[in-house]
Structures are given as C-alpha cells and as structure tokens.
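*Asks:* Below is a structure I'd like to ask you about.
Derivation of every value follows stated rules applied to the coordinates shown; laboratory data play no part. Owing to the predicted nature of the structure, the values given are computational and were not obtained by experimental measurement. Cβ atoms come from the backbone with ideal geometry, glycine included; neighbour counts cover every protein chain shown.
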Amino acid sequence: MAASSPSLSASLRTLPTRVPSPRRLPPYIPLTSQSVLPNPLVCSCRPKRASVIGVNSKKFDFKATSSMAETATEKGKGKSQVFDSEEDLAVSLAKYTADLSDKFAKERGAFTVVLSGGSLIKSLRKLVEPPYIDSVDWSKWHVFWVDERVVPKDHPDSNYLLAYDGLLSKLPILPGNVYPINDALSAEGAADDYETCVKHLVKNGVIDFSETSGFPKFDLMLLGMGPDGHVASLFPGHPLLQEKKQWVAFIKDSPKPPPERITFTFPVINSSAHIALVVAGAGKAHPVQVTLGNGQNSEMLPVQMVSPEGELTWFLDKEAASKL
Ligand SMILES: O=C1O[C@H](COP(=O)(O)O)[C@@H](O)[C@H](O)[C@H]1O
C-alpha cells in the first residue's frame, strides 16, 4: 500500500466543507483466487486527534420476553427479535437494512453503514439477492468497519477481505465509497488514520454528527458479538472499554487472534442512529442471557455497554435466545 502523496495530504488538511470525499487509489493487491480487489478509498490522512465534548450515557433498558419463532418486544428504544432459524434472521436483516438504506438515501442523500467482521457477513447474504440487489440505491452507500485486524487486505484474518468476498464484490457500491483501513500502517498509525478519515467525512457531510455526544453518528452499525460478549474489538475487562475521547483506538493485546486491531470506541458506537446486534448460535446464549435476561456474569460484558443514541435492534436466532 502506498503512502499518502504530499499533495494529497496537503489537500486533505485544507478540505473545505461539502466537497467530494477524499479518494486514494492504492496499488492493486493480489488477493485470494476468489477475490478481485476494487480500488477502495484508503483512509490515509494526517494523524491528529479532535476534542470531544462528552459521551451519551443513557441506560440500556429492555428485556426480551419471547420464545416465539419471530416476535418482537419493545421497551424504550430496544427491540429484540427471535427467529426460528438463522435463515429467517438473514431474511429479516436484509429487509431492515434495505428499509434504512431507503430512508437515509432520501433524507440525507447518503447511507453510512458500519460492518463488523465474523459471522455478520454471512447473515447479510440476502442483500445480494432480489429484490434488494435491484431495489436498493447502492450508490448512496458508504461502508466502514467497526473494527479491523491490522493485517494486509489479502490476509485471511482481514475483515475487509471477508466483507469483500462475501458481500461487497457482489454489490454495485462505488469503490470510492468503501473505506477500509490503511494496511500499510502500524496499529497506532492505522487507528489515527481512520479517525482522521472519519473526521473528514463528518466535515464534508457524508457522515452525520451527534450534537448530543460530539461524536460521529453513523446511520447503521451492524454489530456481531463473540461468545465472550465482545463487540467490535472491545473485549471483556480491557481498558479500552473505558475510552471516552478517541474515535478510533488500537489494541495490541486482543485475546482473540490476531492481537493487533483497530476499533471504534464506545462513544462512537453509542452515537449511532441505528444499531443492529446480530447474534446466532447456542455458543452465544450466555452473553445474550446476561444482557437481555436474568443471566449473571462476574464482570460487565462489552455487549452490555451497547446503548445507542438512536435505536437498538437485536436479531437473534432461537439458539442464541435459548436461555432467555
Ligand atoms: O473478532 C471479531 O469477532 C466479532 C465476533 O465474531 P463472530 O464470528 O463470533 O460473529 C466480530 O463482530 C468482530 O468484527 C471481529 O473482528
């Protein structure tokens, strides 16, 4: 991956408001045999931190009560849906995502979507099929990652590669509207770089901004959850759970390999307009029970800290909801 050219860096530093998003075209990187890498924007601006004014600290307060095949229980801003199968979950998740895409494309002229890695990508598979492949205005999509492993984009651990192979390569999203991390940088550098990139996109209006929290407000954040209750690369007991200022942080001691990652912090996650927490499988029933039911855990799980300014919707299959 090439470093920023001096002229580009200079132009990014003086970016006026409401201009097209900064574009950098990295050299072609050979990928796996199934992959053809488009020329995504690589966030590579000059590192700098912005001041912040606070963090939304609303309490998460809802309880899932249903064991029916597909039901919803709503209290406050939280909503849980339990599906008979992961297939049913995927069907509903595609409709939910497409409906939000329509809403934000009409309202804002852009739809900012933040992806996780892991099993989430498979759960989004219905988006590449009719009717969505034809009906969604993909040109409005801007795609980000809530966390990324600090590995090359053609590495099997790359969340970008997973999303590209499973989703993005099958959708007509503009390559310049896809924002992977700069994989030529260190973990510290990549986190700084991604944060700076997000700040430019807030400044030019592509990403919304929360006046309440002082953090970027993504239209939709699609979160997976690990069996240990981690979300993004925010792991149980890790000091990063308490990060209150940075938008993007790096981690070099991830308990789940690979150890080096970057991640959006909770203030950014919780400033989102919509969060979908997508959880399938019996192996995740315990953290679901701790968060939504009467389960106990010795320490607060990261997933319990998900409390968006906007709407939170859980997409659970019946195995994940089996302890509720
Ligand atoms: O390491 C990660 O794990 C979580 C959960 O993955 P899953 O395969 O159990 O769904 C994922 O959301 C995150 O983006 C990823 O980096």
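*Asks:* State the number of residues belonging to the range 268-289 that are away from the ligand (no atom under 16 Å from the Cβ) and in contact with a Gly (Cβ under 8 Å, 6 or more places away or on another chain).
*Replies:* 3
*Asks:* So is Asn204 more than 18 Å from the chain's Cα centre (by Cα) and touching a residue at least 12 places away in the same chain (Cβ under 8 Å) or not?
*Replies:* Working: more than 18 Å from the chain's Cα centre (by Cα): yes; touching a residue at least 12 places away in the same chain (Cβ under 8 Å): yes.
Yes: the conditions hold for Asn204.
*Asks:* Right, another one. Identify the residue in the range 199-217 that is among the hydrophobic types (A, V, I, L, M, F, W, C) and touching a Phe, Trp or Tyr at 6+ places or on another chain (Cβ under 7 Å) and, among all such residues, is farthest from the ligand (Cβ to nearest atom).
*Replies:* Filtering the range 199-217 for residues among the hydrophobic types (A, V, I, L, M, F, W, C) gives 201-202, 206-207, 209, 215.
Subset that is touching a Phe, Trp or Tyr at 6+ places or on another chain (Cβ under 7 Å): 202, 207, 215.
Working: Val202: 22, Ile207: 19, Phe215: 19 Å.
Across the range 199-217, the extreme among qualifying residues is Val202.
*Asks:* Looking at Val278, Val288, can you tell me which residue is part of a helix (DSSP H, G or I) and either among the charged types (D, E, K, R) or closer than 18 Å to Ala232 by Cβ (or both)? Spell out how you get there, then give the answer.
*Replies:* Numbers: Val278 fails: part of a helix (DSSP H, G or I).
Unique residue meeting the criteria: Val288.
*Asks:* Consider Ala249 carefully, then state whether it is surrounded by 19 or more Cβ atoms within 10 Å (Cβ to Cβ), within 14 Å of the ligand (Cβ to nearest atom) and more than 16 Å from the chain's Cα centre (by Cα).
*Replies:* Numbers: surrounded by 19 or more Cβ atoms within 10 Å (Cβ to Cβ): yes; within 14 Å of the ligand (Cβ to nearest atom): yes; more than 16 Å from the chain's Cα centre (by Cα): no.
No; evaluated as a whole, the condition is false for this residue.
*Asks:* Still on this model: Among the residues of the range 256-273, write down those that are surrounded by fewer than 23 Cβ atoms within 10 Å (Cβ to Cβ) and under 30 Å from Glu87 (Cα atoms).
*Replies:* Lys256, Pro257, Pro258, Ala273
*Asks:* Considering only the range 289-324, state which residues are without any contact (Cβ under 8 Å) to a residue 40 or more places away in the chain and under 13 Å from Leu89 (Cβ atoms).
*Replies:* Listed by number, the list holds a single entry, Glu319.
*Asks:* Okay, next question. Among (1) over 16 Å from the mean Cα position of the chain (by Cα); (2) in a helix (DSSP H, G or I); (3) within 13 Å of the ligand (Cβ to nearest atom), where does Val303 come up short?
*Replies:* (1)
*Asks:* Out of everything in the range 103-149 that is within 16 Å of the ligand (Cβ to nearest atom) and part of a loop (DSSP other than H, G, I, E, B), what residue ends up being nearest to Leu161 (Cα to Cα)? Steps first, answer last, please.
*Replies:* From the range 103-149, those within 16 Å of the ligand (Cβ to nearest atom) are 113-125, 143-149; that's our starting set.
Then drop every residue that is not part of a loop (DSSP other than H, G, I, E, B), which leaves 116-119, 124, 146.
Numbers: Ser116: 12, Gly117: 9, Gly118: 11, Ser119: 13, Leu124: 15, Val146: 14 Å.
Among those residues, the one meeting the criterion is Gly117.
*Asks:* Let me ask something else about it. List the pairs whose first member sits in the range 137-160 and is touching a residue at least 60 places away in the same chain (Cβ under 8 Å) and farther than 15 Å from Leu174 by Cα, whose second member is within 10 Å of the ligand (Cβ to nearest atom) and among the acidic types (Asp, Glu), and whose Cβ atoms are under 6 Å apart, counting only residues at least 6 apart or on separate chains?
*Replies:* If the second residue must be within 10 Å of the ligand (Cβ to nearest atom) and among the acidic types (Asp, Glu), the pairs left are Arg149/Asp157; Val151/Asp157.
*Asks:* In the range 151-169, how many are in contact with a Gly (Cβ under 9 Å, 6 or more places away or on another chain) and either surrounded by 24 or more Cβ atoms within 10 Å (Cβ to Cβ) or outside any helix (DSSP H, G or I) (or both)? Please lay out each step first, then the result.
*Replies:* Within the range 151-169, the subset in contact with a Gly (Cβ under 9 Å, 6 or more places away or on another chain) is 157-160, 162-163.
Add one more test, that the residue is either surrounded by 24 or more Cβ atoms within 10 Å (Cβ to Cβ) or outside any helix (DSSP H, G or I) (or both), and what stays is 157-160.
Number of matching residues: 4.
*Asks:* Restricting attention to the range 233-243, does a residue exist that is more than 16 Å from the ligand (Cβ to nearest atom), more than 15 Å from Leu115 (Cα to Cα), outside any strand (DSSP E or B) and touching a strand residue (DSSP E or B) at 6+ places or on another chain (Cβ under 9 Å)?
*Replies:* Looking through the range 233-243, at least one residue is more than 16 Å from the ligand (Cβ to nearest atom), more than 15 Å from Leu115 (Cα to Cα), outside any strand (DSSP E or B) and touching a strand residue (DSSP E or B) at 6+ places or on another chain (Cβ under 9 Å).
*Asks:* Give the range 218-232 a look and list any residue that's more than 7 Å from the ligand (Cβ to nearest atom) and not aliphatic (A, V, I, L, M), or say none.
*Replies:* Listed by number, the residues that qualify are Phe218, Asp219, Asp228, Gly229.
*Asks:* Could you list all residues from the range 128-173 that are of a type in the set (A, V, I, L, M) and within 21 Å of Ala232 (Cβ to Cβ)?
*Replies:* The answer is Val143, Val146, Val150, Val151, Leu161, Leu162, Ala163, Leu167, Leu168.
*Asks:* Can you list residue pairs whose Cβ atoms sit under 7 Å apart, with the first residue in the range 251-264 being on the phi < 0 side of the Ramachandran plot and assigned to a loop (DSSP other than H, G, I, E, B) and the second being surrounded by fewer than 13 Cβ atoms within 10 Å (Cβ to Cβ) and not hydroxyl-bearing (Ser, Thr, Tyr)? Count only pairs 6 or more apart in sequence or on different chains.
*Replies:* Close Cβ pairs satisfying both conditions: Pro259/Lys252; Pro259/Asp253; Glu260/Lys252.
*Asks:* Right, another one. Can you pull out the residues in the range 150-195 that are basic (Lys, Arg) and within 16 Å of the ligand (Cβ to nearest atom)?
*Replies:* Filtering the range 150-195 down to residues basic (Lys, Arg) leaves 153, 170.
Within the range 150-195, Lys153 is the sole residue that qualifies.
*Asks:* Here is a list: Thr196, Thr212. Which entry is farther than 25 Å from Ala94 by Cα, among the β-branched types (Val, Ile, Thr) and part of a loop (DSSP other than H, G, I, E, B)?
*Replies:* Details: Thr196 fails: part of a loop (DSSP other than H, G, I, E, B).
Of Thr196, Thr212, the one residue that is farther than 25 Å from Ala94 by Cα, among the β-branched types (Val, Ile, Thr) and part of a loop (DSSP other than H, G, I, E, B) is Thr212.
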